[in-house]
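A.B. asks: Supplied in structure tokens, the structure appears directly below.
The values are calculated or read from the model by the stated rules, or taken from the named source; none is laboratory data. Predicted, not measured: the structure shown is a model, and the values here were computed from it. Note that each Cβ is placed from the backbone with ideal geometry, even for glycine, and that neighbours are counted across all protein chains shown.
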Amino acid sequence: MLKEIDIKMKQVFIPLLLLGLILSSCSRTERSDQSGQTDTLENPLIDPAYFAGKHKAKVMVLGVFHFANPGLDAYKPRFVFDILDPARQKELEEVLDKLAAYRPTKIMIEWKRIEDDSITNDRYQKFLSGGFSLDDKTNEVYQIGFKLARKLNHSRIFCSDAGTNWCGADLDWEAFNEEVYLKSKGQYEKAKRYSYTRLYEYLDSLKTVQTLTGHLRTLNISANRLKDHQAYLTDINRGAGDNYYGADMVANWYRRNLRIFSNVHDLTDFDQEERLLLIYGAGHVWQLRQLFSDSPDYDYVEVSDFLSR
């Protein structure tokens, strides 16, 4: 009796199995005929490991506070820092040594690519020949960028910044009172519930008690960069449901960082083993890290790995 049942089951199961295999084969053949290729990963274009160039480029972003702050940010620094002080110059040498260990092939600075590149490199060439002194130049471009490039025998500096409008909605900004506006929309308490000014003041004060290496490490801690980035999503993202002036400001901030990324990508030689170093205000780090980390063209290197050595 059991043998008869077993035979009957095989008589039903085997034809069904064969039918399934035939249908599956037909389906694969049809997909292959329609697309001109099989649905496997044999084609390198759909292989996740495929890369168009000979090399991925390594990229690292050093987030800095502005040694010679132009006062363009919402927070105005309150604490004095003099990079030209002999003790600070000694600390600077330590920072340069740590960054040099990364062996960057290109140094990219926060000056505008189109407007500033030629004059910057003219000054750099004069600096190399002794015709341009940095004894009275406090900007981090000179103190870190120029000095590190010379230390590494680089022939030039790369300006990679790009401008964009900061303001969002088309408002009469001279007459605009943000506090009155937000209160009229019932958005003031929500927009101001985080005290970012206290964070900025605290970080600003640390530069007076930390070494330069220590302070740059603090600025580039991932948690600090995230908290700074979150200001754009809370404190700045205002005017929702009306003119969206805050959302447009944040969009323009992303636009600027995307333009910086575009400049860096254009200046990267993927046929060579590139190790790029960007020197930018710390506020740029979170967005630039995200762009480089998400791109298939780059391997992102954390600057803290070198500052902590």
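A.B. asks: Taking helices (runs of 4 or more DSSP H) that do not extend beyond segment 189-297, which have at least 3 residues that are β-branched (Val, Ile, Thr)? It would help to see each step written out before you state the result.
C.D. replies: Values: elements: 196-206, 212-219, 222-233, 245-267, 285-294.
Output list reads 245-267.
A.B. asks: Could you list, in sequence order, the residues of segment 195-212 that are modelled with pLDDT of 85 or more and surrounded by fewer than 17 Cβ atoms within 10 Å (Cβ to Cβ)?
C.D. replies: Quick first cut of segment 195-212, residues modelled with pLDDT of 85 or more only: 196-212.
THR197, ARG198, LEU199, GLU201, TYR202, SER205, LEU206, THR208, VAL209, GLN210, THR211, listed by residue number.
A.B. asks: Okay, next question. Just to verify a result, which residue in segment 256-272, among those that are surrounded by fewer than 16 Cβ atoms within 10 Å (Cβ to Cβ) and at pLDDT below 95, is farthest from GLY145 (Cα to Cα)?
C.D. replies: ASP271
A.B. asks: Please tell me if GLY241 is touching an Asp or Glu at 6+ places or on another chain (Cβ under 8 Å), touching a residue at least 24 places away in the same chain (Cβ under 8 Å), surrounded by fewer than 18 Cβ atoms within 10 Å (Cβ to Cβ) and closer than 30 Å to ALA191 by Cα.
C.D. replies: On the way: touching an Asp or Glu at 6+ places or on another chain (Cβ under 8 Å): no; touching a residue at least 24 places away in the same chain (Cβ under 8 Å): yes; surrounded by fewer than 18 Cβ atoms within 10 Å (Cβ to Cβ): yes; closer than 30 Å to ALA191 by Cα: yes.
For GLY241, the condition - touching an Asp or Glu at 6+ places or on another chain (Cβ under 8 Å), touching a residue at least 24 places away in the same chain (Cβ under 8 Å), surrounded by fewer than 18 Cβ atoms within 10 Å (Cβ to Cβ) and closer than 30 Å to ALA191 by Cα - is not met.
A.B. asks: So which of SER293, SER308, SER262, SER222 is of a type in the set (S, T, N, Q), more than 21 Å from TYR196 (Cα to Cα) and touching a helix residue (DSSP H, G or I) at 6+ places or on another chain (Cβ under 9 Å)?
C.D. replies: None of the other options fit; the residue is SER308.
A.B. asks: If LYS227 satisfies every condition in (1) out of contact with any Lys or Arg (no Cβ under 8 Å at 6 or more places or on another chain); (2) charged (D, E, K, R); (3) farther than 30 Å from MET60 by Cβ but one, which is the exception?
C.D. replies: (3)
A.B. asks: Considering only residues of segment 118-171 that are outside any helix (DSSP H, G or I) and in contact with a strand residue (DSSP E or B) (Cβ under 7 Å, 6 or more places away or on another chain), which is modelled with the lowest pLDDT?
C.D. replies: Result: GLY163.
A.B. asks: In the list ASP248, ASP271, ASP266, which residue meets the criterion of being of a type outside the set (Lys, Arg) and free of Cβ contacts under 8 Å to residues at least 12 places away in the same chain?
C.D. replies: Numbers: ASP248 fails: free of Cβ contacts under 8 Å to residues at least 12 places away in the same chain; ASP271 fails: free of Cβ contacts under 8 Å to residues at least 12 places away in the same chain.
Within the list ASP248, ASP271, ASP266, the selection yields ASP266.
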